[in-house]
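Worksheet: the structure to be examined is printed underneath.
Computed from the coordinates by the stated procedures, all read-outs in this text should not be read as laboratory data. Being a predicted model, the structure only gives us computed values, none of them experimental. Ideal geometry is used to build each Cβ from the backbone, glycine not excepted, and the neighbour counts take in all protein chains shown.
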């Protein structure tokens, strides 16, 4: 079984999350990822807790399977090595503020004439164009400015950040998509391109219903807690021992839900259509919970699943990691240490390809500069064979 990116080389100058996440996707699909890090300190996340045997779990779960070489891009000898690496790479990734790579002499305009097939992937807070291109940003900044926090949380409460770092992760996913698209074009004979992804852009790109609502009504949506603003019932409900979710996304499912709950509401004009249900969402929630409160979460999930209603428990992360469906899909994998023993647990690759192996383990995350000798040997062999 082959990995689709086997043979491609990614030179990864990124750090923390958005860029390394994109590089991880490419690595999981078979690319050789050479992580270029700052001497002495390396990627900031090497210092992020929690630690095991002095090694960051955060770093290990995003950077497994990559190789590390420490280079000072202001030092002539290290620049010479970096330029050797550029000549052997298909992709270079960076997530510095716009202008940093240019000052080093390695911006897109510098590299493209020298390496016309090279793909230049850049991810930053605000992108490489626009009035705020050079401003710094982190995940929370773009979640706030991009509109996501304005619709996250409970109504009439303070806005909250989404628990996962979706500012970084979404940008990393878009960057990987852009890189894959240009790799396909280059394989067909095109020249390399610059892929410019902004974390802020990525936040707006995810607001599918919020943009539609705002553009049509002129009023931006407010937080609705767990409830979907355009589909009802589509939220959490109380059972006797806790909360669970019901997602009856159309009229047929709502009719089945009414049958399962023995509620004569399917023909009621207040609830007969999705639009009507959205207008009467609070009343409908009370009527449903008047029934569900008498039995347990487990009882209702079993009953609703028997009627074909999308439903599920609200699991914490530990429970999600132990979910039989997650395990069956190999979504919890072990990151090995240098001795080959399991050291960390990471999320698996959600991209399941019919002709690609999906191993239960991942190669170790690199120690800082730990692959220098192997990388230099690889470079020498490439240059001698080329």
Most packed first (mean Cβ within 10 Å per residue), the peptides 15-21, 308-314, 150-156 order as 15-21, 308-314, 150-156
Return the FRET efficiency for the residue pair residue 158, residue 129: r is the Cβ-Cβ distance, R0 is 35 Å, and the value is rounded to the nearest 0.05. 0.60
Would you mind calculating the relative contact order of the chain from Cα pairs under 8 angstrom and at least 6 residues apart, reporting the percent as a whole number? 18 percent
Starting from 0.36 nm per residue, how many nanometres of slack lie between residue 295 and residue 84 once their C-alpha separation is accounted for? 69.3 nm
Extension length gain for residue 41 and residue 243 (0.36 nm per residue less Cα distance), in nm, is 68.2 nm
Given 0.36 nm per residue, what is the gain on full extension from residue 376 to residue 357 after removing their alpha carbon distance, in nm? 3.9 nm
Efficiency of FRET from Cβ geometry, residue 315 and residue 383, R₀ 56 Å, rounded to 0.05: 0.60
Point-to-point label distance, residue 267-residue 3, nm (Cα→Cβ direction, 7 Å offset): 6.0 nm
Taking the simple approach of a point 7 Å from Cα along Cα-to-Cβ for both residue 305 and residue 323, what is their distance in nm? 1.2 nm
Can you give the FRET efficiency to the nearest 0.05 for residue 256 and residue 230, using r as the Cβ-Cβ distance and R₀ = 22 Å? 0.65
What nm value, rounded to one decimal, do you get for the distance between residue 185 and residue 208 when each label is placed 7 Å out toward the C-beta? 2.5 nm
For the chain, with a Gaussian network of springs between Cα atoms less than 10 Å apart, report the residue from 371, 337, 294 with the top mean-square fluctuation. 294
How much of the DSSP beta bridge set in the chain is antiparallel, as a percent to the nearest 5? 40 percent
